[in-house]
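The values are calculated or read from the model by the stated rules, or taken from the named source; none is laboratory data. Computed from a predicted model, the values in this text were never measured in an experiment. Please note: Cβ atoms are built from the backbone with ideal geometry, for glycine as well, and neighbour counts cover all protein chains shown. Calculation scope for accessible area: heavy atoms of the full protein, side chains included, ligands and nucleic acids excluded. Shrake-Rupley method; radii C 1.70, N 1.55, O 1.52, S 1.80 Å.
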Amino acid sequence: MNAPAYIGRFAPSPTGPLHMGSLVAAMASYLDAKLHHGQWLVRIEDVDKDRNVPGADREILASLERCGMRWDGEVVWQTQREALYDEALARLAQNVYPCGCSRKEIADSQTRLGQNGNAMLVYPGTCREGLAPGKTPRALRLRTPQQPHRIISFDDRWAGHVSQDITAEVGDFVIRRADGYWAYQLAVVVDDAAQGITDIVRGADLLDSTPRQLYLQELLGLPHPRYLHVPVVLNADGEKLSKQTGAQAFDTGASAASLLNDAMLPAARFLGLPIEAQTVEAFWRAAVPAWGRLLERQGQV
Ligand code: GLU
């Protein structure tokens, strides 16, 4: 049997309930999967055990269902997949080294602005040739090529051509954190490949991370998915909506009408889909072709 031509996913971190920002990412990935008659998987990214909020995973899944977004197959939790990350680490071994630097030491040495104007800490390479004297191993870092620098480029289906010098703009990056937790970059790459993901649709706050993920895919001999990064919803202060910036969760007790009018239709308008609908079913009937027309207008299909 041929592999399905399109497998997409939504990969929320269970740090709180779904809010307008995460709904936009969920909706865009769902619309793109439906437009392409593909599968849509849900993966709970709970590797950062300090940030997980008990019950948030179930709340997110319940909100997706209430919004009429039905996933294919079983939901997976990253904390149940840590053996896969161990295997990947073993395959990367010759490019990995222990680092004893604290975040503050790195921040004091170098910070740069990334693709979206986010401040990015660039690792200065202190422990690359061995732990500096007096340091104890904390995180595990992946070497980035030094000479020549490694430039990673890709064509994003929404943002267009993206290019990042990972040597200068990121530096050797963490794949297992000082607290022993797996880094997002490694876990996401391993899982996207293990689940056969062909298309990643997510918020542009992750545009900066994609070149690192492409590089990891290359080292691990994994296929590169296609990427589409949608704009992120900002609050009145221009910050990305998140639990930390006070994003409002939807009221899971809200009526279907309020879910539609106060959450789904505004999320669709944010994506540039000026649709009208009185029911959740009618919403998706209108939204999928509208997403297709939007991509066609932008030459992004
Ligand atoms: N878990 C990440 C987040 O919630 C998203 C990861 C991804 O889509 O690659 O921000």
Inter-site label distance for ALA256 and GLU82 at 7 Å from Cα along Cβ, in nm: 4.2
Taking 7 Å along the Cα-to-C-beta vector as the label spot, tell me the PHE154-VAL53 distance in nanometres, rounded to one decimal. 2.9
Compute the length gained on full extension between VAL75 and THR279: take 0.36 nm times their separation in residues and subtract their Cα-Cα distance, giving the result in nm to one decimal. 70.8 nm
For region 39-173, evaluate the Debye formula with one uniform point scatterer on each Cα (no solvent term) and list log10 I(q)/I(0) at q = 0.11 Å⁻¹, rounded to two decimals. -0.63
Say the dipole of the chain comes from +1 at the beta carbon of Lys and Arg and -1 at that of Asp and Glu; which of ALA28, THR167, ILE7 then lies farthest toward its positive end? THR167
Compute all pairwise cysteine Cβ distances in the chain, then list the cysteines with no distance under 4.7 Å to another cysteine. CYS67, CYS101
Computed Kirkwood radius, in angstrom, where 1/r is averaged over Cα pairs of region 110-234: 15.5
Using a 1.4 Å probe on the protein chains only, how many percent of the accessible area of region 204-301 belongs to carbon and sulfur? 51
Per 0.36 nm of contour for each residue apart, how much would the distance between GLU218 and ALA194 grow if the chain were fully extended, relative to their Cα-Cα spacing? 7.2 nm
Rounded to the nearest 0.05, what FRET efficiency is calculated for THR136 and GLU65 with R0 set to 45 Å and r the Cβ-Cβ distance? 0.45
Once the dipole of the chain is set up with Lys and Arg at +1 and Asp and Glu at -1 on Cβ about the Cα centre, which of LEU216, VAL42, ALA62 lies farthest towards its positive end? LEU216
Quick one: how many Å² of LYS135 are accessible to a 1.4 Å probe, rounded to 10? 50
Along the charge dipole of region 176-301, Cβ charges K/R +1 and D/E -1, which of ALA183, GLY238, ALA254 sits furthest on the positive end? ALA183
Antiparallel versus total DSSP beta bridges in the chain: what percent is that, nearest 5? 65
Nearest 20 debye, what's the magnitude of the dipole of the chain about its Cα centre given +1 on Lys and Arg Cβ and -1 on Asp and Glu Cβ? 340
Would you mind classifying region 190-277 by shape? Square roots of the alpha carbon gyration tensor eigenvalues, ordered a ≥ b ≥ c; an a/c under 1.5 is rounded, otherwise it is prolate if a/b is larger than b/c and oblate if not. prolate
The chain: most fluctuating residue of ARG157, ARG226, ARG58 per GNM, C-alpha cutoff 10 Å: ARG58
If I model a spin label at ASP165 and ARG293 as a point 7 Å from the Cα along the Cα→Cβ vector, what separation in nanometres do I get? 4.4
Mind checking the alpha-carbon convex hull of the chain and giving the volume per residue in Å³? 144
Give the accessible area for GLU281 in Å² (nearest 10); use a 1.4 Å probe, count only protein heavy atoms, and leave out ligands, DNA and RNA. 110
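Rounded to the nearest 500 deg cm²/dmol, what is the calculated helix-only ellipticity per residue at 222 nm for the chain, with -39500 (n - 2.57) per DSSP H run of length n ≥ 4?
-9500 deg cm²/dmol
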From highest to lowest solvent-accessible area (probe 1.4 Å; ligands, DNA and RNA excluded), GLU105, GLU45 read GLU105, GLU45
